[in-house]
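In what follows, a single structure is set out as structure tokens and then discussed.
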Amino acid sequence: MAESWGSLIEPCRTSYLLKVPFFLLFFLIFPLSSAFSVSFDGNATVEAASLQDPKDMALLLLFKLQFQENPLSSWDANVPMSNWTGVTRSNQTGRVTGLNLTRFNLSGQVHPCLCNLTFLETLVLSHNSFNTSIPSCLWRLWSLRTLDLSYNMFTGVLPSTAFATMSQIIELDLSHNMLRGEIPMWIGNFSVILEKLNLGFNSFHGELPKSLLNLMTLKYLNLSHNSLIGNVGDFSQALVSLNLESNMLSGTLPCLFSSRESLTVLNLANNSILGGIPTCISSLGGLTQLNLSHNELRYGISPRMVFSERLCVLDLSYNELSGKIPSRIAEASDKSGLLLLDLSHNQFSGNIPVTITELKSLQALFLSYNLLVGEIPERIGNLTYLQVIDLSHNLLTGSIPLNIVGCFQLLALILNNNNLSGEIQPVLDALDSLKIFDIGNNKISGEIPLTLAGCKSLEVVDLSYNNLSGSLNDAITKWPNLKFLSLARNKFSGSLPSWLFTFQAIHTLDFSGNKFSGYIPDGNFNSSPNFYNGDIRKTTLAVPSISDRSLVIKLSLVADETSLIFNYNLTTTIGIDLSENLLHGEIPVDLFGLHGLEYLNLSYNFLNGPVPGSIGKLQKLKALDLSHNSLSGHIPENITVLRNLTVLNLSYNCFSGVIPTKRGYWKFLGAFAGNPDLCMESSSNVCQRTFPVEPGKKFKEEMEEGPLSIWVFCISALVSFYVGVIVLFCSTRTRSFILQTKSLTG
């Protein structure tokens, strides 16, 4: 192996250095006039800017030659190296000591000629597209202190042996590449002063090298997102940050006594760690972030486990923790304390402790998917910094406390799937920053208060599966940014308002399962670019893909050098559901002019008349249900040109005529049941009037599992921290939470 490394650097030595006499190379690269200057006092002084080594210049120019698009345009023999982008030189010797080419859009291989920059102390090639193995000669740079090759596509394995020349490295970052194999044992003893090691987001496997447990200089260790196995181990050094997230580690939690005062970030999420949470974890007095989510932790949390007020993020979600939530989980003060608490997706029972309302700094509270009972603490409004609260999927009772308006900065209020009762209080209009309001699947009654018109920031509103009643008032029209509105399965009545289709940003309207009557309003169908995207042949106006539909929530927070940004991505099919109401009359022709629709359900009403022939324009339509109405006339032939249509139900109407099999209607045979005057063309030219009685399981499955079903509506929240990254998936139905960490100096 050593011979192959030598051959890699040989071309640089012989072709560009040894064959050119040094003095000739010097004068070819440097004009005499720029190399020296003579002062008026008669003393010849060498300008600091002219101190540059010709050998280093030749090596860098050779490195530049491999890139055709010339991203290193400032690298020119006629330009002083002091003006070369990304190059740092010593003021004393003129030798190149630093090379920072991050985000230069470089690709291919790293030319081994860089290995001859023998005075190089810092080499940063991160955020490029290098896609070969790491040149082995880089490990021979004896002056190197920092080596950062992160965010590339480097492949291969690390050398099986280390070199004495690497003993001065302080920071080594090979993260976000495609490296594989086992992490070699020498990684923990090759440098006597290594402080930061980041091998995250690769494909390393095997166990943690035991040498890392005893590397006393190590402060920051990130081995996240690999396939490492074995126990975590109890590290002997005073770590500042330990991130082993998303591996296959097992065993129990270590106490990390050696890091009792120094450790600020501990992230062991997404592993298979067993047992309970030892109380010694709370003795880590310097912790600011603790993430133990997505493991197999169980049992209760000891009341003796109280974290210090320095802790900003505590995530114990997606485990099997049980018992009551401790009344005191962290120290609190007016100026510091928890910013985020996530105990969701466990088996906690009992009441929500009133003492949670003493965590005055709290900004995000997630207790969803537990077995919590009782009422929401009345003093929840004391949390004036609270911006996201998710108590969904519990057994909570009582009403939404009036005091919640004290959380005047609230952006997301998610209380769905509980047993909450009472009415929507008019005072909720004080939450004028609220973007997400989800109280679906409860026992809320009464009408939508007119005062909710003050919640002008609302973008997602889910009031489905409650006992709400009355007619729709104009308060809803004051939500100009509305993207998702579900009033499904309530007792609303009256006519559908004329403004129903006028929301500019709307993706989904679900008014199914109510008592709305009258006609479908034939109003302005062209307001929303999502419903109506113009001529389908104009690709520039095409409806964006689901991944492009997003709402962004930015929080301006600075606390303990931590900044927080929420990104909510709304993922739902573009559609309209007016099924199971008392609507009558004909289907408005313009409704079928909404070229962006992916789902339309008008079933179980009293609609009559023909299906508009413009249905052929709905080229994006995936599911169409017009069943259980009184529609008549022939089945439009252009339905078969809807290439994306996978679910069709026209059953139990009054359609007539012959359905030709050659047009592809055979794919939807179950969709025509219950139309006595309709028949299917057969091979014997006899009109067959026998259809399957049921519309078919496929449609039912699609309604329950398909993209527009209310069960698949989800919101994901991306939260990035300056000292770490938190990803939150906050949904009316599902939510996951992942914490990644990155040190401030990383």
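The values are calculated or read from the model by the stated rules, or taken from the named source; none is laboratory data. No experiment lies behind these values; they were computed from the predicted model shown. In this analysis, Cβ positions are derived from the backbone assuming ideal geometry, glycine residues included, and neighbour counts consider all displayed protein chains.
At-a-glance table
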{"read-out": "Residue under evaluation GLU375, criteria (1) under 23 Å from GLU320 (Cβ atoms); (2) modelled with pLDDT of 95 or more, criterion not met", "value": "(1)"}
{"read-out": "Sole residue being in contact with a Gly (Cβ under 8 Å, 6 or more places away or on another chain) and surrounded by 22 or more Cβ atoms within 10 Å (Cβ to Cβ), chosen from LEU311, LEU274, LEU268", "value": "LEU311"}
{"read-out": "Options LEU452, LEU468, LEU458; residue that is touching a residue at least 12 places away in the same chain (Cβ under 8 Å), outside the structural domain of ASN514 (by TED's automatic domain parsing), within 25 Å of ASN394 (Cβ to Cβ) and in a strand (DSSP E or B)", "value": "LEU468"}
{"read-out": "Number of the exception - TRP142 against (1) buried (at least 17 other Cβ atoms within 10 Å of the Cβ); (2) in a loop (DSSP other than H, G, I, E, B)", "value": "(1)"}
{"read-out": "Region 415-458: number of residues that are out of contact with any helix residue (DSSP H, G or I) (no Cβ under 8 Å at 6 or more places or on another chain), under 23 Å from SER469 (Cβ atoms) and of a type in the set (Val, Ile, Thr)", "value": "2"}
{"read-out": "Subset tally (residues that are under 39 Å from the mean Cα position of the chain (by Cα), modelled with pLDDT under 90 and surrounded by 15 or more Cβ atoms within 10 Å (Cβ to Cβ)) for region 648-681", "value": "2"}
{"read-out": "Considering residues of region 409-425 that are modelled with pLDDT under 95 and farther than 23 Å from ASN351 by Cβ only, the residue surrounded by the fewest Cβ atoms within 10 Å (Cβ to Cβ)", "value": "GLN409"}
{"read-out": "Checking LEU199 against (1) buried (at least 21 other Cβ atoms within 10 Å of the Cβ); (2) over 30 Å from ASN105 (Cβ atoms), the condition it does not meet", "value": "(2)"}
{"read-out": "Odd one out for GLY181, checked against (1) of a type outside the set (D, E, K, R); (2) under 31 Å from the mean Cα position of the chain (by Cα); (3) at pLDDT 95 or above; (4) within 27 Å of PHE67 (Cβ to Cβ)", "value": "(4)"}
{"read-out": "Subset tally (residues that are touching a residue at least 40 places away in the same chain (Cβ under 8 Å), outside any loop (DSSP other than H, G, I, E, B) and crowded, with 20+ Cβ neighbours inside 10 Å) for region 582-606", "value": "4"}
{"read-out": "Matching residues in region 267-314 - criterion: being within 16 Å of ALA330 (Cα to Cα) and of a type in the set (Val, Ile, Thr)", "value": "ILE277, THR279, ILE281, THR288, ILE301, VAL306, VAL313"}
{"read-out": "Condition check for PHE408: part of a loop (DSSP other than H, G, I, E, B), touching a residue at least 12 places away in the same chain (Cβ under 8 Å) and among the aromatic types (Phe, Trp, Tyr)", "value": "yes"}
{"read-out": "Qualifying positions in region 462-484 - over 15 Å from GLU423 (Cα atoms), out of contact with any Ser or Thr (no Cβ under 7 Å at 6 or more places or on another chain) and buried (at least 19 other Cβ atoms within 10 Å of the Cβ)", "value": "LEU472, ILE476, TRP479, LEU482, LYS483"}
{"read-out": "PHE484 vs. criteria aromatic (Phe, Trp, Tyr) and over 25 Å from LEU411 (Cβ atoms)", "value": "no"}
{"read-out": "Every residue from region 370-391 that is buried (at least 17 other Cβ atoms within 10 Å of the Cβ) and either in contact with a Lys or Arg (Cβ under 8 Å, 6 or more places away or on another chain) or among the basic types (Lys, Arg) (or both)", "value": "ASN382, LEU383, TYR385, ASP390"}
{"read-out": "GLY534, sole failed condition from (1) within 23 Å of GLU580 (Cα to Cα); (2) at pLDDT below 90", "value": "(1)"}
{"read-out": "Scope region 330-355; condition buried (at least 16 other Cβ atoms within 10 Å of the Cβ) and touching a helix residue (DSSP H, G or I) at 6+ places or on another chain (Cβ under 8 Å); matching residues", "value": "ALA332, LEU341"}
{"read-out": "Residues that are among the small types (Gly, Ala, Ser) and either buried (at least 17 other Cβ atoms within 10 Å of the Cβ) or under 37 Å from the mean Cα position of the chain (by Cα) (or both), drawn from region 615-631", "value": "GLY616, ALA623, SER627"}
{"read-out": "Qualifying residue in region 78-101 (condition: assigned to a loop (DSSP other than H, G, I, E, B), within 24 Å of PRO209 (Cβ to Cβ) and in the same structural domain as ASP53 (by TED's automatic domain parsing))", "value": "no"}
